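Following: one structure in structure tokens, then a few remarks.
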Amino acid sequence: MPLSNRNTMETPRQRKPIDEWNGEEIPPGESRNMKLAVSESYSSMTLKIPIHVRRAPIDGPVLFVTAALHGDEINGTGAVRALVQDAEFNLVRGSVVLVPVLNMLAFDRHSRYLPDRRDLNRSFPGSAKGSLASRMARTLFDEIVSRCDYGIDLHTASVRRTNYPNVRGNLDDPAVRGMAEAFGCEVLLNGKGPRGAFRREACHVGCPTIVMEGGEVWKVEPRIVESAVRGIKNVLRSLDMLDGEIERPEIQIVVEESKWIRAEKGGFLQFHVQPGDIVEKDQPLATNTTLLGRERSMVQAPFNAVVIGMTTLPAISPGEPICNLGRLPDDIQPAQIRRQRKKEDGLEQSVHTELATNLLVVEPSEEAQNL
């Protein structure tokens, strides 16, 4: 059943009109490139972000797709650009608001943060009288979220880490869960998100929003972009905004609890798993060695899990994160998921394979397993 028939989108909350932006009209069936003023530079120049609005001939839901809320996370920028440049991306109803870079001040500095070191993704819904981050957040919230009925926000892992593609959202909200499932990632993480986060505050005002996480900072990784574009189109199809069938993976795991596994000793890691792997309790994750290769300690999985994310930097200090594990539900066994995955030779398998090229993954030695 499409999302549009499972929630209240046929009678949406009161929102700003999508057919008028900055005094410019956007008739049904047309598209516009425009710029939104969000702040000013040190040299007093107006800082604007580019926005692409595409309307179908028939009215319907309005969905935003945003990227680079953290300015160094540009896989999503690649995905949004791919949609804007896709001549065959034709909506049948409703509208989309595509924003390749939300945080232009951070993007221009190749940084996660604003120049004042604040995190824009902890500043929503913002305040017109607050800090730089708070004022930008207020403008973005008023001009983008207030025009939309749904949202998708694209992220990557933070610096020196990589994420297997996953969707995050408050799955206790039926509309959010419907979007998350339709997006089509294998891994779904349930949670509202931190206070002040874009998706959390958008949901709070009645605009169900999910986050897709995938890949690394400072890169546009082809398979991550492909995953994001496929997911966005899947959500649009679930809303009856785009023709075509929803592409679903063979498996879909809902993670209620995740945990970063941290190093107990300093050293140089030999990885034994890669992003997206399904691991069993006590399975070796990494061996900590000296620079000359002497094995010091073994890091093992504390429970059955999927590897959501990993460090890409093998040099480690005590307490630094190694793997982010999503606990498997009790009724799902690792062997069961592995059997299902073997049947598949599609995008998920390609992503799993290509993310591993950023890591040197080796089998643990007998000596390490006895540490």
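The values are calculated or read from the model by the stated rules, or taken from the named source; none is laboratory data. The structure presented is a predicted model; accordingly, all values stated were derived computationally and were not measured. Neighbour counts run over all protein chains shown; Cβ positions are idealised from the backbone, glycine included.
Things to note:
- Count of residues meeting criterion [polar (S, T, N, Q), assigned to a strand (DSSP E or B) and surrounded by fewer than 21 Cβ atoms within 10 Å (Cβ to Cβ)] in region 275-310: 3
- Looking across region 311-355, the residues that are outside any helix (DSSP H, G or I) and among the acidic types (D, E) come down to E320, D330, D331, E344, D345.
- Filter pass, R135 being surrounded by fewer than 22 Cβ atoms within 10 Å (Cβ to Cβ), among the charged types (D, E, K, R) and in contact (Cβ under 8 Å) with a residue 60 or more places away in the chain: yes
- Residues that are assigned to a loop (DSSP other than H, G, I, E, B) and of a type in the set (F, W, Y) within region 261-274 are absent altogether.
- Residues satisfying the stated conditions in region 166-188, i.e. part of a strand (DSSP E or B) and surrounded by 23 or more Cβ atoms within 10 Å (Cβ to Cβ): N166, V167, R168, G169, V187
- Residue within region 94-103 that is part of a helix (DSSP H, G or I), closer than 29 Å to I322 by Cβ and assigned by TED's automatic domain parsing to the domain that holds T209 present: no
- Residue selected from region 189-238 under the condition in a helix (DSSP H, G or I) and basic (K, R), by the criterion farthest from F141 (Cα to Cα): R223
- Test: residue in region 147-163 that is part of a helix (DSSP H, G or I) and either more than 19 Å from A67 (Cβ to Cβ) or in contact (Cβ under 8 Å) with a residue 12 or more places away in the chain (or both): yes
- Whenever a residue of region 29-41 is in the same structural domain as A128 (by TED's automatic domain parsing) and outside any strand (DSSP E or B), its partners that are of a type in the set (D, E, K, R) and surrounded by 12 or more Cβ atoms within 10 Å (Cβ to Cβ), lying with C-beta atoms within less than 9 angstrom and at least six residues away or across chains, give the pairs G29/R55; E30/R54; E30/R55.
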